[in-house]
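Values quoted throughout were computed directly from the atomic coordinates according to the rules given, and no laboratory measurement underlies them. Computed from a prediction, not measured in an experiment: that's the story for all the values here. For neighbour counting, all protein chains shown are included, and Cβ atoms are generated from backbone atoms with ideal geometry for every residue, glycine included.
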Amino acid sequence: MGGPRHSVPTRPRTVGQLAGKEKADMMPVEKCPVCGGELAEKEVEKLLRGGLHTAVVRVRAEVCLHCGERLYSQETVRRFEDIRSKLERQETADFRPMGRSFQVV
Ligand SMILES: [Zn+2]
């Protein structure tokens, strides 16, 4: 279901060619960058906002067992960006409605 067209069995080894920030994102992280705690892969719910809309996405993330920091793969981050821009453009036909959202002031 919409999987990658080409399979990449391992992470790219050419991280040295990438710019500083990207390089850090591509590196496999074993410790939490915030507190140095242990990370565990979990399925998490991420709240995304775009324009007036909000979407909840279930993704796998590395979650720090100590402080709760979540680390997402670049592929996941790209998915978030795609969903956010769809929300902004109101292209929500593919998304399942999930009740109403309210703002409490
Ligand atoms: Zn942490």
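Sorting LEU65, LEU87 on the 10 Å Cβ count, fewest up front, what's the list? Please list the in-between numbers first.
Details: LEU65 13, LEU87 19.
If I rank by nearby Cβ atoms, fewest first, I get LEU65, LEU87.
Tell me which aspartates and glutamates have Cα within less than 13 Å of LYS86's Cα, excluding those fewer than 8 residues away on the same chain?
Result set, ordered by chain and number: ASP94.
Assuming 0.36 nm per residue, please report the length gained on full extension of the stretch LEU47 to ARG96 beyond their Cα-Cα distance. Numbers along the way, then the final one.
Working: separation 49, 0.36 × 49 = 17.64 nm, distance 1.43 nm.
Result for the pair: 16.2 nm of gain on full extension.
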